[in-house]
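Presented below is the structure to which this report refers.
Derivation of every value follows stated rules applied to the coordinates shown; laboratory data play no part. Model, not experiment: these values are computed from the prediction. Counting neighbours? That spans all protein chains shown, and the Cβs are built from the backbone with ideal geometry, glycine included.
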Amino acid sequence: MNRLLVALLFSAVAVSARAQQVSTPTRELYRVHFFKAAPGKLPDLIDAYTTNLGTHPPLVFRHESGDDWDLLVIYPQGAKAAIDADPVYTDAQRKLRERVIGAYISHTDTYASGPPLAEVEKALQLPKGAKGGLYLIEDYTALNGHLARLDDVLRRDMASARSTGSLRFDHVQGAGWDFLVMFRYSSWQEYAAAETDPSSDELAKHQGFKDSAAVAFDLREHISTHHDTFAGRLQ
């Protein structure tokens, strides 16, 4: 009888573990760069990150309005990433590094976790017929002790958003921000329509907010810094 109980217990634990594995979303790593170009070097920086980058080019976004960075470059890293103290670069990698280093004033280099690459590409894909689309890119740093609450508000904000696509990256190591949120629109006109959508209050209420205007107030209860930037996609 005891052996039967033990067997049943192990079976229940195994089923629970498998269920947890199924319900837990897969995460992947991304290397996120924000660049501020040197004077006159923005075309060179853009060309470096959009020309001859092989079979796995990064996602590249160019600033239009907002924070003072010029390019956002996101490199998919897969499930794991390794840092080598004495890296060996291919000839193409070495040439890219030389071009990039000579073209910027400042940059940040951050590892972040996000959805699987297929989901990222689907959320950020260029709308058919659109030239670069429009992306609202937000970075947030939580107040001390408020990380979990900011996490919750951002999740509900994204669930109530009227954008065509959205996703979030979570800081792992690097720059000071905790969350990087991206919303995709096909155009400025679509963004304006989303912001004036009569259903926005009901969508916000469904996510636990008083109304759509209350989202910004709730966010400010939990953030120490944040930046909002509009950008177009280069690739």
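With charges set only on the Cβ (+1 for Lys and Arg, -1 for Asp and Glu), what does the dipole of the range 26-233 come to about its Cα centre, in debye to the nearest 20?
So the dipole magnitude of the range 26-233 works out to roughly 500 debye.
Just tell me, in residue order, which DSSP H segments of the chain are both 27 angstrom or longer along the helix axis (alpha-carbon based) and at least -0.5 in mean Kyte-Doolittle hydropathy. Write down the numbers at each step before the final one.
Details: long enough: 2-23 (31 Å, 1.00).
Once both thresholds are applied, what remains is 2-23.
Using the number of other C-beta atoms within 10 angstrom as an exposure proxy, rank Phe230, Phe179, Phe169 with the fewest first.
Exposure proxy ranking, most exposed first: Phe230, Phe179, Phe169.
Tell me the mean residue ellipticity at 222 nm calculated for the chain from its helices only (DSSP H runs of n ≥ 4, each -39500 (n - 2.57), averaged over every residue, nearest 500). Mind dumping the intermediate values first?
Working: 8 runs with 85 residues, N = 235.
Computed ellipticity for the chain at 222 nm equals -11000 deg cm²/dmol.
For the range 25-103, which trypsin sites (Lys or Arg not before Pro) are both in a DSSP coil and crowded by at most 15 other Cβ atoms within 10 Å?
Taking the range 25-103 and a limit of 15 other Cβ atoms within 10 Å, the loop trypsin sites (Lys or Arg not before Pro) found are Arg27, Lys80.
Taking neighbour counts of Cβ atoms within 10 Å as a proxy for exposure, in what order, fewest first, do Ile137, Ile101 appear?
Ile101, Ile137
Taking Cα centroids, how far is the range 180-209 from the range 86-100 in Å?
41
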